[in-house]
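Just below is one structure, and these are the notes that go with it.
The values are calculated or read from the model by the stated rules, or taken from the named source; none is laboratory data. Keep in mind that what you see is a predicted model, and the values were worked out from it rather than measured. All Cβ positions, glycine included, derive from the backbone under ideal geometry; neighbour counts span all protein chains shown.
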Amino acid sequence: MEHILINGKIPLKGHIKVQGGKNAVLPILAASILTKEKVRINNCPDIDDVRHTIKLLEMLGCKVFFINGTVDIYPEKVEDTRVSGEHTDKTRSSIVFLGAMIGRLKKTVITKPGGCKIGERPLDIHISSIRKLNVTIFEKYGDIIAYTDKIKGADIKLTFPSVGATENIILTAVLAEGITTIKNPAREPEILELADFINSMGGKIKGAGTDTIIIEGVKELRGTEYSVGGDRIVAATYMGAVAVAGGKVTLSGIRTKDMKCITDTFRKTGMKVKVTEHSIICRRKIKKFRLKNVNYIETEPYPGFPTDVQPVMGAVMSYGMGISKIKENIFENRFMYVNELMKMGADIVLKKENAALIYGKEKLYGTKVKAMDLRGGAALIVAALGAEGETCIEDIHYIKRGYENIVRDLQLLGADIREEITGEDEKEDGR
Ligand code: UD1
C-alpha cells in the first residue's frame, strides 16, 4: 500500500517549473495517429494517464519511445481497429481515440471508458455530433462502433460546450471532405493546444478558443514536433498549497492568461498573487492574517472557474475566515473529498443543489484520510500542508494519474512530505 505522509504548517519557499498539461497532452497523443510520419512531443508529463495512453498507441501498432519528457511516436502502422482493454478503462480520456481512429482508419470499435466516480459522463454529444460527419455510429454491448466510407464536413451546434466532444469532432473532421463548423464548442486552452498541434501537422483549423471553430478538411497530415504547455490545474494546486501553508513560491512554465479566473479567485483569499506572462509568484505571510473566505464560487466551462480546481479551493476555503459556498455545475459527484476533509476537522455542509457550504476553521488536524479521485486527492494534500500534526493520505494512485511527482515538488519547496510503501505491494513489486 502506498501512502503519503505530511506534517503541515511549514511555509513553502522556492521555484517550481510546472509539468506539462495532462488535459492537453492526452488528446494530442491520440491525434498523433492522424499522420503516418514521426511525431515528437516535448514537455510531456510522466503521469499514469500518459503511460496508459502510450500503451493504447502501442496496442494499435505504433512504436513509442518516452524518454525524459519527450515522446517519439512512429504511427506508420495503425492496423488494429479495436481500442479496448484495461488501458481504455484506466483513463477516461481514451474516448478521444474515437475521433482519431475514425480519422485514421474510417472505422473503429472502442470500449466505452468505465463509469467514472466523479460523475456519469455520458457520450451522447460525442455520438450525435460525429454522426453528422457522415459516420455510422452506435453503441452496442458497452462498445462504440463507428465506420464510414467518407467523412464529410458538416455544421454542428453543441447543446453544451463539452471538452471531449469538441476534441472528438476536431479529430474526426480534420481529414474530412469539406468544411466542418462547430458552434458553441468548448473554449478550454487545451482545445487551442489540440488545434495548434494539428495545424502544425498541416491541418486547417481556425477559431479554436472562440465560439465557432471552422475546420477545413485536408487530404493528409505530416509529422511534427510540438511542446505541451504547462498544466494550469497543477499550478492551481500549488497555489492552494502556498495559500494554506504560507511562504513565497514562483511557478513558471504556464500560460497565465489561461488562469485568470483562478488567479483572481486566489487573490480574494488575501494571498498576494503576482502574474507575468509565463509565471506566478504567490506570497502569504502566515502569521500576519487568516485567509479570507470567498463568498461564492461556481464551476463553469472555460473561462469560468474550472471543475478540476474546485476540490483544491474547497480545501483552501476550509481555512477561510467566514462562510464560503461552492457550487459544482459540471459533474454530479465531485464532493467526495468533503467527507475526508471533515475527518481533519473541516466544517462543511453539503447542499441538495450540488453545493457545499464551508464554515472556515482556524485549524485542521492531521489524521488518516483517503484520496477518492484525482483532484480530490490533491485537495487533501493541500489541506494537510496547513494542518496541525501528521496526515496520512491513502489510495494515492488516483493522484498519480495527473501529478508527475507532487511529493518531490513539495519537498523542493521545503514541505515535510514523504511517500511510503508498506505491506503487500512492497513485497510484490520490490519497491
Ligand atoms: C471535463 C471538464 C474539463 C476537465 C475534464 C477532466 C468542463 C466543461 N469539462 O471534460 O474542463 O478538464 O473534465 O476532469 O469543465 N456531457 C454530456 N454528454 C456528452 C458529453 C458531456 O451530457 O456527450 C456532460 C457531462 O456529463 C458533464 C459536462 O457535459 O456534465 C462536461 O463534460 P465534458 O466537458 O465533455 O467532460 P470532459 O471532456 O471529461
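Couple of notes before you dig in:
- The listed residue being within 16 Å of the ligand (Cβ to nearest atom), surrounded by fewer than 20 Cβ atoms within 10 Å (Cβ to Cβ) and closer than 18 Å to I281 by Cβ, out of K248, K260: K260
- Residues that are under 25 Å from N405 (Cβ atoms), in a helix (DSSP H, G or I) and of a type in the set (F, W, Y) occur at least once in the stretch 264-274.
- Single residue of the stretch 151-170 satisfying the filter (among the polar types (S, T, N, Q), surrounded by 21 or more Cβ atoms within 10 Å (Cβ to Cβ) and more than 7 Å from the ligand (Cβ to nearest atom)) that is nearest to D211 (Cα to Cα): T166
- T88 meets each of the listed conditions (1) hydroxyl-bearing (S, T, Y); (2) at pLDDT 95 or above; (3) closer than 23 Å to A371 by Cα apart from (2).
- Exactly one residue out of T88, T35, T70 is within 16 Å of the ligand (Cβ to nearest atom) and among the β-branched types (V, I, T), and it is T88.
- In the stretch 124-136, the residue that is nearest to the ligand (Cβ to nearest atom) out of those that are surrounded by fewer than 19 Cβ atoms within 10 Å (Cβ to Cβ) and assigned to a loop (DSSP other than H, G, I, E, B) is K132.
- Tally, over the stretch 137-154, of residues that are outside any loop (DSSP other than H, G, I, E, B) and either among the basic types (K, R) or at positive phi (or both): 2
- The stretch 74-93 residues that are in the same structural domain as C62 (by TED's automatic domain parsing), paired with ones that are exposed (fewer than 15 other Cβ atoms within 10 Å of the Cβ) and at pLDDT 90 or above (beta carbon under 7 Å, 6 or more apart): Y74/K63; K77/G61; V78/G61; E79/G61; D80/G61
The rows are residues; the columns are (1) over 23 Å from the mean Cα position of the chain (by Cα); (2) charged (D, E, K, R).
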position	(1), (2)
K292	yes, yes
E298	no, yes
P311	no, no
A315	no, no
Y319	yes, no
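- Residue tally, condition of a type outside the set (S, T, N, Q) and surrounded by fewer than 21 Cβ atoms within 10 Å (Cβ to Cβ), over the stretch 202-217: 9
- Look at (1) of a type outside the set (S, T, N, Q); (2) more than 15 Å from the ligand (Cβ to nearest atom); (3) within 29 Å of K248 (Cβ to Cβ) and you find that M313 fails only one, number (2).
- Failed item in (1) at pLDDT 95 or above; (2) in the same structural domain as L12 (by TED's automatic domain parsing); (3) in contact with a strand residue (DSSP E or B) (Cβ under 9 Å, 6 or more places away or on another chain); (4) farther than 18 Å from A24 by Cβ, with G202 passing the rest: (2)
- Candidates Y296, Y359: the one that is more than 20 Å from Y238 (Cα to Cα) and touching a Gly at 6+ places or on another chain (Cβ under 9 Å) is Y359.
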